[in-house]
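Asker: A single structure is presented below for examination.
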Amino acid sequence: MRKGSEQDLLARDRQVLAEAMKIRFFPMVLCSNRGSIVRDLEGRRYLDFSASWAVASTGYGHPRVVRAVSRAVRKTSTNSPISIPCRATIELAERLVGMMPGDFPKKVWFGHSGSEAGDLIAKFLPIAKKRPKILTFVGGYHGQTLGAASLSGHTAQAAFGHAANVTKVPYPNPYRFPGDAQACVEENVGRIRELLQRSGEEYAGLLVEPIQSDGGVIVPPDGFLSRLATLCREYGLYYVIDEVKTGFGRTGTMFAFEHEGVVPDAVMLGKPMASGIPLSAVVGRREILDAVPSGHMMTTAGNPVACAAGLVTLNIIEDENLAERAGRRGEQLKARLLELAARFPSVGEVRGRGLMMGLELVHPESGDPDSGLARAVCYRAKQLGLIVFYVGTSSNVLELTPPLVVTEKQLGTGVRILAQALEDVLAGRVSGQDLEAYSGW
Ligand code: PMP
């Protein structure tokens, strides 16, 4: 084995990188990336429909991000805003406050990851509201640190996601619900109302994803988010929306909650907000974020380099109309995926919003989730030049979250590769042995 080759590096990766930090879908070592294109160590080129788990919304290596980050590093390599703030940190916080609806005082907390933002919610809601419990959803994913994991209801967190003060209720999934979309909402909201009628005064808040992405790209029926807002108002709960994956234009609006015009009390942000430089935030009511002074500090969170990247990312999203563009590209992608679905009975449903699309793969006869197919298709698509991952509590939903700068032509190419991958797998051209090491999650 040649030293420094892909095979060599993957062998070393197996030796030193903890399984705790991996979900692998295929063998690959990154060399470089630009726009919507990724290259591996062997010089092969791929179209990337993952955007590194919906992080690279402005595309890899956007020249304005590269310039802003380089300038920031030269000027102030880092600092800790805990004790000495800088202009970029303050300006970014002001911009974020200005982007949120609601006629009440707001502040911003900065972290590095969505998980840390989830931990803030787990820690601060009960204290701010002086009520012990939090309501979240089965299948939800809010992060892997202890507090965030306790708020999550994803199968991936089964080993940790238990906290006595967290109640998880079902999320409306129209695809698996026997009645129509309206009935699906009614059933869900009815269940939550019953719970709150019994013990509403124990609940500090409710945390929800506007689309359950890691849970399987589940888009709740229209009206669900606003019905939740009404319930939270009625029973005095804080209404918290997790926009870590959906935020910053991905679903066709700056934030996914805008599709229903709701006014959250706090919003979790992360992933794409600094184009890949680690940065997350919670923007919310002052009384929540000021509830415990010095109560959720990460030494380097909101540092000048990350905030410079955050500011330029916002400018790019605005100047290049990326949210509106994601809406348009999303329609183009959906149309192509529906054509593909018409060819393959194994595609149970195509769903999503903007450039967050999901393909639920099923056994055609029973309609049961087909995780084996999802696994093989991701593996085969990579061999054919397309990066795509799968999600879902049943591990059977291909998640398409390309960079928002993806072109229409690239969407066409990606869907053609996906169709070829499906065809190859269904024709038995991908061996089970190749796949064994890549069980995803
Ligand atoms: N919330 C949501 C909705 C997410 O999708 C994720 C990550 N997939 C997180 C929180 C956690 O973010 P991170 O991985 O940056 O900690």
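The values are calculated or read from the model by the stated rules, or taken from the named source; none is laboratory data. Not measured: the values here are computed from a predicted model. Virtual Cβ from ideal backbone geometry, glycine too; neighbours counted across all protein chains shown. Quick note on the areas: whole protein, heavy atoms, side chains included, nothing else; ligands and nucleic acids left out. Shrake-Rupley method; radii C 1.70, N 1.55, O 1.52, S 1.80 Å.
Asker: Only one of (1) touching a residue at least 60 places away in the same chain (Cβ under 8 Å); (2) in contact with an Asp or Glu (Cβ under 8 Å, 6 or more places away or on another chain) fails for residue 341. Which number is that?
Answerer: For residue 341, the failing item is (1).
Asker: Residues that are modelled with pLDDT of 95 or more, open to solvent by 10 Å² or more (accessible area, probe 1.4 Å) and among the charged types (D, E, K, R): find the strands (runs of 3 or more DSSP E) completely inside the range 247-354 holding 1 or more of those.
Answerer: Ranges flagged: 280-285, 347-353.
Asker: Please enumerate the residues belonging to the range 82-94 that are surrounded by 17 or more Cβ atoms within 10 Å (Cβ to Cβ) and either closer than 16 Å to residue 283 by Cβ or small (Gly, Ala, Ser) (or both).
Answerer: Our first condition is that a residue be surrounded by 17 or more Cβ atoms within 10 Å (Cβ to Cβ); within the range 82-94, this holds for 86, 88-89, 92-93.
The answer is 88, 89, 92, 93.
Asker: With at positive phi, touching a Ser or Thr at 6+ places or on another chain (Cβ under 9 Å) and modelled with pLDDT of 95 or more as the only criterion, which of 216, 140 stands out? Explain how you work it out, then say what you get.
Answerer: Numbers: 140 fails: at positive phi.
Result of the check over 216, 140: 216.
Asker: Hey, residue 75 hits all of (1) outside the structural domain of residue 359 (by TED's automatic domain parsing); (2) free of Cβ contacts under 8 Å to residues at least 24 places away in the same chain but one; which does it fall short on?
Answerer: (2)
Asker: Just checking, which of 241, 211, 218 is of a type in the set (A, V, I, L, M), open to solvent by 10 Å² or more (accessible area, probe 1.4 Å), outside the structural domain of residue 326 (by TED's automatic domain parsing) and within 16 Å of the ligand (Cβ to nearest atom)? Explain how you work it out, then say what you get.
Answerer: Values: 241 fails: open to solvent by 10 Å² or more (accessible area, probe 1.4 Å); 211 fails: open to solvent by 10 Å² or more (accessible area, probe 1.4 Å).
Only one candidate qualifies: 218.
Asker: What are the pairs, 6+ residues apart or on separate chains, where a residue within the range 300-328 that is more than 14 Å from residue 93 (Cβ to Cβ) has its Cβ under 9 Å from a residue that is assigned to a helix (DSSP H, G or I) and of a type in the set (Lys, Arg)?
Answerer: Here the result reads 312/64; 312/67; 313/64; 315/64; 316/64; 319/64, each pair linking the range 300-328 to a residue that is assigned to a helix (DSSP H, G or I) and of a type in the set (Lys, Arg).
Asker: Shifting gears a bit: Would you check if there is a residue in the range 111-133 being open to solvent by less than 40 Å² (accessible area, probe 1.4 Å), out of contact with any helix residue (DSSP H, G or I) (no Cβ under 9 Å at 6 or more places or on another chain) and among the hydrophobic types (A, V, I, L, M, F, W, C)?
Answerer: No, the range 111-133 contains no residue that is open to solvent by less than 40 Å² (accessible area, probe 1.4 Å), out of contact with any helix residue (DSSP H, G or I) (no Cβ under 9 Å at 6 or more places or on another chain) and among the hydrophobic types (A, V, I, L, M, F, W, C).
Asker: Right, next: With respect to residue 399, is the statement that it is in the same structural domain as residue 355 (by TED's automatic domain parsing), within 16 Å of residue 50 (Cα to Cα) and at pLDDT 95 or above true?
Answerer: Working: in the same structural domain as residue 355 (by TED's automatic domain parsing): yes; within 16 Å of residue 50 (Cα to Cα): yes; at pLDDT 95 or above: yes.
In short, yes.
Asker: Hey, does the range 376-396 have a residue that's among the small types (Gly, Ala, Ser) and free of Cβ contacts under 8 Å to residues at least 24 places away in the same chain?
Answerer: First pass over the range 376-396, keeping only residues among the small types (Gly, Ala, Ser): 376, 381, 385, 392, 394-395.
Subsequent filtering for residues that are free of Cβ contacts under 8 Å to residues at least 24 places away in the same chain retains none.
For the range 376-396, residues among the small types (Gly, Ala, Ser) and free of Cβ contacts under 8 Å to residues at least 24 places away in the same chain: absent.
Asker: Here's a follow-up. Working carefully through the options 204, 181, find the one that is more than 16 Å from the ligand (Cβ to nearest atom) and closer than 30 Å to residue 130 by Cα. Lay out the reasoning, then the answer.
Answerer: Details: 181 fails: closer than 30 Å to residue 130 by Cα.
Exactly one of 204, 181 is more than 16 Å from the ligand (Cβ to nearest atom) and closer than 30 Å to residue 130 by Cα, namely 204.
Asker: List pairs: first in the range 252-270 and closer than 23 Å to residue 143 by Cα and away from the ligand (no atom under 16 Å from the Cβ), second among the basic types (Lys, Arg) and not in a loop (DSSP other than H, G, I, E, B), Cβ under 8 Å, 6+ apart or cross-chain?
Answerer: From residues that are closer than 23 Å to residue 143 by Cα and away from the ligand (no atom under 16 Å from the Cβ), the pairs are 265/285.
Asker: Please determine, by comparing only the residues of the range 24-56 that are assigned to a loop (DSSP other than H, G, I, E, B) and more than 19 Å from residue 430 (Cβ to Cβ), which one is nearest to the ligand (Cβ to nearest atom). Break it down stepwise before answering.
Answerer: Going through the range 24-56, the residues assigned to a loop (DSSP other than H, G, I, E, B) turn out to be 24-29, 36, 41-44, 49-50, 55-56.
Next, from what is left, pick out any that are more than 19 Å from residue 430 (Cβ to Cβ): 29, 36, 41-43, 50, 55-56.
Working: 29: 21, 36: 20, 41: 25, 42: 28, 43: 30, 50: 12, 55: 8, 56: 13 Å.
Here the answer is 55.
Asker: How about the range 138-154: which of its residues are more than 11 Å from the ligand (Cβ to nearest atom) and over 15 Å from the mean Cα position of the chain (by Cα)?
Answerer: 138, 146, 147, 150, listed by residue number.
Asker: Okay, moving on. Listed residues 361, 400, 404, 384; which is more than 30 Å from residue 158 (Cα to Cα), of a type outside the set (Gly, Ala, Ser) and within 25 Å of the chain's Cα centre (by Cα)? Before you say what the answer is, go through the steps one by one.
Answerer: Working: 361 fails: more than 30 Å from residue 158 (Cα to Cα); 400 fails: more than 30 Å from residue 158 (Cα to Cα); 384 fails: within 25 Å of the chain's Cα centre (by Cα).
From the options 361, 400, 404, 384, the qualifying one is 404.
Asker: Also, quick follow-up: Spot the failing condition for residue 231; the list is (1) within 29 Å of residue 200 (Cα to Cα); (2) open to solvent by 10 Å² or more (accessible area, probe 1.4 Å); (3) away from the ligand (no atom under 14 Å from the Cβ), and only one is missed.
Answerer: That leaves (2) as the condition not met.
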